[in-house]
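Worksheet for the structure shown next.
What follows is calculated from the coordinates using simple rules that are stated; it is not laboratory data. Just so you know, these numbers come straight off a predicted model, no measurement behind them. Methodologically, a virtual Cβ is constructed for each residue, glycine included, from the backbone with ideal geometry; neighbour enumeration extends over all protein chains shown.
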Amino acid sequence: MVHVSDLSWPEYAERVARDPVVLVPCGALEQHGPHLPLGTDAILASAVSTGIAEAVGGLVLPALAYGYKSMPKSGGGAHFPGTTNLDGGTVASLVRDLIREQVRHGVRRLCFVVGHYENQWFVTEGIDLAMREVGHTGVRIMRLEYWDFIEPATIERVFPDGYPGAALEHAAVIETSLMLHYQPHHVRLDRLPDHRSADFPPYDMFPPHRHWVPSSGALTSAKAATAEKGRIMAEQFRDSIVAAVRREF
């Protein structure tokens, strides 16, 4: 078993004594079009973390299921029902407290696997705040976004007509294909959005302009998503991240 939530406290203590890498999936409760569940970011971050933990003998904590504010140009924005946003300071505090608690239990190697685009800098802030307090213990912390590990050969196989980039891939081919691979029962194939990519200006507005975002909530078409593409990406992400984790820890 690799999931901390499945262990009793004596089992957890015994596993921590082996100095495992403890992975922390970081997701959000955010709209992902009409075809994917609100919890997609946490589901995928947890699935990626599980594959890594199984390969390196690590543990996986329950996902941080809420994230920083969904933005129109990367997540569609807050006007979609169900999208539940936290302030940046709240996300940073959650991360800081989680690190302090894990260090108190004896954990010295942590890896945050970010599955929500907007979380990146606030997870980083939480890590930095925690390191000011517990850095003297010898703890080492890694933070990554799994989509950054996509390799050129994978891009060619998954996006033969061109890769729109990570931000515009919200609720599109990457996330939909991965969900078809990991949890196909959560994908509403009859509701896959198929429209042109959003065309955002090089600035933001507050309050956000809703009309910038496609009505589906997906920022580009998900019609090209397949379970096979999900498998290709899942295996490549796992292998590349495992190599990075082993290199750093």
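Test residue 36 against the criterion of being free of Cβ contacts under 8 Å to residues at least 24 places away in the same chain, within 17 Å of the chain's Cα centre (by Cα) and farther than 16 Å from residue 245 by Cα, and give yes or no. Considered against the rule, which asks whether it is free of Cβ contacts under 8 Å to residues at least 24 places away in the same chain, within 17 Å of the chain's Cα centre (by Cα) and farther than 16 Å from residue 245 by Cα, residue 36 comes out as no. Take region 160-197 and flag every residue that is acidic (Asp, Glu), within 15 Å of the chain's Cα centre (by Cα) and farther than 12 Å from residue 35 by Cβ. Scanning region 160-197 gives a single hit, 169. Annotation: of all residues in region 156-197 being closer than 19 Å to residue 116 by Cα and among the small types (Gly, Ala, Ser), the one that is surrounded by the most Cβ atoms within 10 Å (Cβ to Cβ) is 171.
Does residue 96 meet the test of being in contact with a helix residue (DSSP H, G or I) (Cβ under 9 Å, 6 or more places away or on another chain), part of a helix (DSSP H, G or I), free of Cβ contacts under 8 Å to residues at least 60 places away in the same chain and more than 20 Å from residue 42 (Cβ to Cβ)? Even if it seems obvious, please write down each step before you answer.
Details: in contact with a helix residue (DSSP H, G or I) (Cβ under 9 Å, 6 or more places away or on another chain): yes; part of a helix (DSSP H, G or I): yes; free of Cβ contacts under 8 Å to residues at least 60 places away in the same chain: yes; more than 20 Å from residue 42 (Cβ to Cβ): no.
So residue 96 fails the test.
The single condition from (1) under 15 Å from the mean Cα position of the chain (by Cα); (2) loosely packed, with under 13 Cβ neighbours inside 10 Å that residue 136 fails is (1).
Of the set (1) over 18 Å from the mean Cα position of the chain (by Cα); (2) outside any helix (DSSP H, G or I); (3) of a type in the set (A, V, I, L, M, F, W, C); (4) under 29 Å from residue 235 (Cβ atoms), all apply to residue 55 but (2).
Quick grid of which residues meet (1) surrounded by fewer than 16 Cβ atoms within 10 Å (Cβ to Cβ); (2) within 16 Å of residue 74 (Cα to Cα); (3) without any contact (Cβ under 8 Å) to a residue 60 or more places away in the chain:
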| position | (1), (2), (3) |
| --- | --- |
| 15 | no, no, yes |
| 18 | yes, no, yes |
| 27 | no, yes, no |
| 30 | no, yes, no |
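Number of residues in region 66-97 that are aliphatic (A, V, I, L, M) and surrounded by 19 or more Cβ atoms within 10 Å (Cβ to Cβ): the value is 4. Among the criteria (1) more than 26 Å from residue 243 (Cα to Cα); (2) surrounded by 16 or more Cβ atoms within 10 Å (Cβ to Cβ), the one residue 142 does not fulfil is (1).
Taken together, the residues in region 103-126 that are of a type in the set (A, V, I, L, M, F, W, C) and touching a Phe, Trp or Tyr at 6+ places or on another chain (Cβ under 7 Å) amount to 3.
Considering only region 163-216, state which residues are in contact (Cβ under 8 Å) with a residue 12 or more places away in the chain, part of a loop (DSSP other than H, G, I, E, B), out of contact with any Ser or Thr (no Cβ under 6 Å at 6 or more places or on another chain) and polar (S, T, N, Q). Within region 163-216, 183, 216 meet the criteria.
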